[in-house]
């Protein structure tokens, strides 16, 4: 197998340099076999040991973890889809990524479940209220039950927060948790949200959620939504940006706020290690600058979920360029829609991106 | 046999016992048993017009969760005993196109084949074969003797995607996927003005060109039900008018047609509007409050009056259809619901 390190340079003048994630598919023989980040996670305990297992979440860089699976992406006829209603991927022992099946709702939102020693945090709740269609609560309960058993805990309190309270592609599953014991639900109104996260000087300042030696920072990022919030997970080095920045057709709600929020995240990423930007959806194809339009429930050519932190600067530049102007900006990994309708320039791309023919028309 | 003779193909029936026509016809003479059976049940498609029929109160229109949809993949509605309309389930394809089956004494015309390619995903072939078997049983016909003509309204893939499900069906002809093959199929040499008459065996279908949405589109008029089918050129939804001049000329052609022919209903390929006139955006898979499929002649005439006043590209609502003049293909009137300035 040849190495992928000698790729031709990208055609896009705007695209930042990308890391090549799988340059060494069979392992790099020159890399240290016992890297500094590796340590016992107490996952496999001696027989007979009792008492709660406590993790040390302090780490110098992003915690190890991998999305080693392809996301399920619908089917030609959504009515005949028999994939799981929620795809669950364990990123690492304390981080779970959940995705709603595209054939239940085209938004196919991602939901993140993070664990610390004293609490669990669910970021976003999906696009479908009915548990019969979208069993978020039973799925989260099952993950928590198993996690508690391996950590020898009776239970762990759950906090449910939203990257945007108003976003009906992310707040619909909230009511499934309404009667859940040991559960705190973030409010959906902006004023109450500011109080909940102690963000008195919104959109300045930050809050924090302590899950027990794992701290999640709360950064106000209005722009796509007036109540947008980004969560920074110090353990994984993830920015959970929701609708603010994700590989898709990003609808800017207010361009001044949007630019300000991206600047805030840009500054944040200069001061804190960011491994990936983890958004709420995927709408891009893997062909540069191409995206699926709204409502598509079969997306076989999807882009990956994770975005490199360099995309922040690229998005900031692109958003600054359209400040005050109705326009659509096409970039390799995202599209910005400013002051236009959600279907503006569907299926289009920019001439300065390489054109890759994708057979999108006939299912 | 060229295209023109194919269209006016002599109808083999007991009424023509001499069979003095060309030898090409002889090979297609039904067996004597069938001939006598047909003779006893020949359907008269010319008396008591228009033949009455009904549309469903509501069509099946998707569900909030597509994968939980329990409706049939294709809704079959018999408008009357000899006319069936089919609709693709919205949970199988958001386009949810309508399809037409017109039965004559010798031939069946099947217009449009939906938006899914494979029979394993969406069993169009099985449903159509089922309809034909049902009709043949009801009318004491031999299925093998009925020729199936498969055509489509226009050259967009949501109207012919299922066409190859019929590749091995006996006694079946289908249209090619180019403009040349389309007009050749009907033997037209003067598209779009030329109006040809397709004889299904006592039941005539009038066909002529109606470019505007695309350049390659037909209008179909069934003399039996007197239903006018205008494809995607005019339907209750967003009429994407790619080319204004040809579209306006096609509308004018429809107006002229109304002067000489009675029309009971005008039908198109889709429904994209609610009963309250709300636009269902392009691609949506659930339309819980759909407006009726059929349009009245008055609605068509009114749309023409509105069209006369249109001089600029844009979206114009006539009260029954959106005329999207030279807007891009998937235009909706939607705005970003979360915008705040």
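FYI, it's all coordinate maths here, none of it is from the lab. Nothing here was measured: the structure is a model prediction, and the numbers come from that model. We place every Cβ from the backbone using ideal geometry, glycine too, and count neighbours over all the protein chains shown.
Take the Cα atoms of segment A:138-201, build their convex hull, and give its volume per residue in Å³.
On the way: hull volume 6.7 nm³, N = 64.
With only Cα atoms used, segment A:138-201 gives 104 Å³ per residue.
Would you give the gap between the C-alpha center of segment A:70-133 and the C-alpha center of segment B:72-127, rounded to a whole Å?
Rounded to whole Å, the Cα centres lie 35 Å apart.
What Kirkwood Rh does the protein assembly as shown have if only Cα atoms enter the pairwise 1/r average? Answer in Å. List each step's numbers first, then the result.
Details: mean 1/r = 0.0349 Å⁻¹.
In the protein assembly as shown this quantity evaluates to 28.7 Å.
Along the Cα-to-C-beta direction of residue A:66, a point sits 7 Å from the Cα; which residues of segment A:269-300 have their amide N less than 18 Å from that point?
Taking a point 7 Å out along Cα→Cβ of residue A:66, the residues of segment A:269-300 whose backbone N falls under 18 Å are A:275-276.
Under a no-solvent Debye model with one identical scatterer per Cα of segment A:78-338, what's log10 I(q)/I(0) at q = 0.08, 0.09, 0.13 Å⁻¹?
The Debye formula, applied to the Cα set alone, gives -0.29, -0.37, -0.80.
Cα centroids of segment A:220-269 and segment A:311-363: how far apart, whole angstrom?
First find each Cα centre; the distance between them is then 17 Å.
Over chain A, with a Gaussian network built from C-alpha contacts below 10 Å, which listed residue (A:336, A:45, A:323) shows the highest mean-square fluctuation?
Highest fluctuation of the listed residues: A:45.
Tell me the Rg and the Dmax, in Å, that the Cα atoms of chain B produce.
Answer for chain B, Rg first and Dmax second: 20.5, 81 Å.
For segment B:134-160 and segment B:293-341, compute the distance between their C-alpha centroids and round to whole Å.
33
If R0 is 30 Å, what FRET efficiency do you get for residue A:320 and residue A:202 from their C-beta distance, rounded to 0.05? Spell out each step's value before the answer.
Details: r = 22 Å, r/R0 = 0.74.
So the FRET efficiency works out to roughly 0.85.
Springs between alpha-carbon pairs under 10 angstrom, Gaussian network model over chain A: which of A:281, A:197, A:240 fluctuates most?
A:197
Just to be sure I understand the model, the point goes 7 Å from the Cα along the line to the Cβ. What's the resulting residue A:118 to residue A:195 distance in nm?
With each label point 7 Å from Cα toward Cβ, the separation is 2.4 nm.
Sketch the reach of a paramagnetic label on residue A:53 as a point 7 Å from Cα along Cα-to-Cβ, and name the residues of segment A:131-160 whose backbone nitrogen lies under 12 Å away.
So the set is A:146-153.
Plugging the Kirkwood radius over Cα pairs into Stokes-Einstein for segment B:182-306, at a temperature of 25 °C and a viscosity of 0.890 mPa s, what D comes out in µm²/s?
On the way: Rh = 15.2 Å.
It diffuses with D of about 161 µm²/s by this estimate.
Nearest 500 deg cm²/dmol is fine: what mean residue ellipticity at 222 nm does chain A get from its DSSP H runs of n ≥ 4 alone, each adding -39,500 (n - 2.57), divided by its residue count?
Details: 4 runs with 51 residues, N = 363.
Mean residue ellipticity at 222 nm (helix-derived): -4500 deg cm²/dmol.
Return the distance in nm (one decimal) between the two label points of a simple spin-label model at residue B:118 and residue A:26, each offset 7 Å from Cα along Cα→Cβ.
Result: 3.4 nm between the two label points.
Peptide B:66-78: average number of partner chain Cβ atoms within 10 Å per residue?
Mean shielding by partner chains, rounded to a whole number: 4.
Mind telling me which of B:137, B:90, B:252 comes out most flexible in a GNM of chain B, alpha-carbon contacts under 10 Å?
Largest GNM mean-square fluctuation: B:137.
Using only Cα atoms, figure out Rg for segment B:237-341 and give it as a multiple of 2.2 N^0.38 Å. Walk me through the numbers before you get to the answer.
Working: Rg = 14.8 Å, N = 105, 2.2 N^0.38 = 12.9 Å.
Cα Rg divided by the expected 2.2 N^0.38 Å: 1.15.
Using the eigenvalues of the Cα gyration tensor, what equivalent ellipsoid semi-axes result for segment A:34-186 when each is taken as the square root of five times the eigenvalue, whole Å, largest first?
Values: eigenvalues 171, 70, 43 Å².
They are 29, 19, 15 Å, listed largest first.
When Cβ neighbours within 10 Å are restricted to other protein chains, what is their mean count per residue of peptide A:130-137? Mind dumping the intermediate values first?
Details: counts 3, 0, 2, 6, 2, 0, 0, 0.
Mean inter-chain Cβ contacts per residue within 10 Å come to 2.
Per residue of A:79-88, what is the mean number of Cβ atoms on other protein chains within 10 angstrom of that residue's Cβ? Spell out each step's value before the answer.
On the way: counts 19, 9, 5, 1, 1, 0, 3, 0, 0, 0.
For peptide A:79-88, the averaged partner shielding equals 4.
Quickly estimate the mean residue ellipticity at 222 nm for chain B, helices only: each DSSP H run with n ≥ 4 gives -39500 (n - 2.57), and the total goes over all residues, rounded to 500.
On the way: 7 runs with 70 residues, N = 341.
After summing the helix terms and dividing by the residues of chain B, the value is -6000 deg cm²/dmol.
R0 = 60 Å: FRET efficiency of residue A:146 with residue B:179, Cβ-based, nearest 0.05? Don't skip to the answer; put the middle values down first.
On the way: r = 61 Å, r/R0 = 1.01.
The pair residue A:146/residue B:179 has a calculated efficiency of 0.50.
Once you put a point 7 Å from the Cα of residue B:275 and another 7 Å from the Cα of residue B:312, both along the Cβ direction, what distance in nm separates them?
About 3.6 nm, to one decimal.
Angle, helix B:297-308 long axis vs. longest principal axis of chain B, Cα atoms, 0 to 90°, nearest 10?
Taking the Cα atoms of chain B, the angle to B:297-308 is about 50 degrees.
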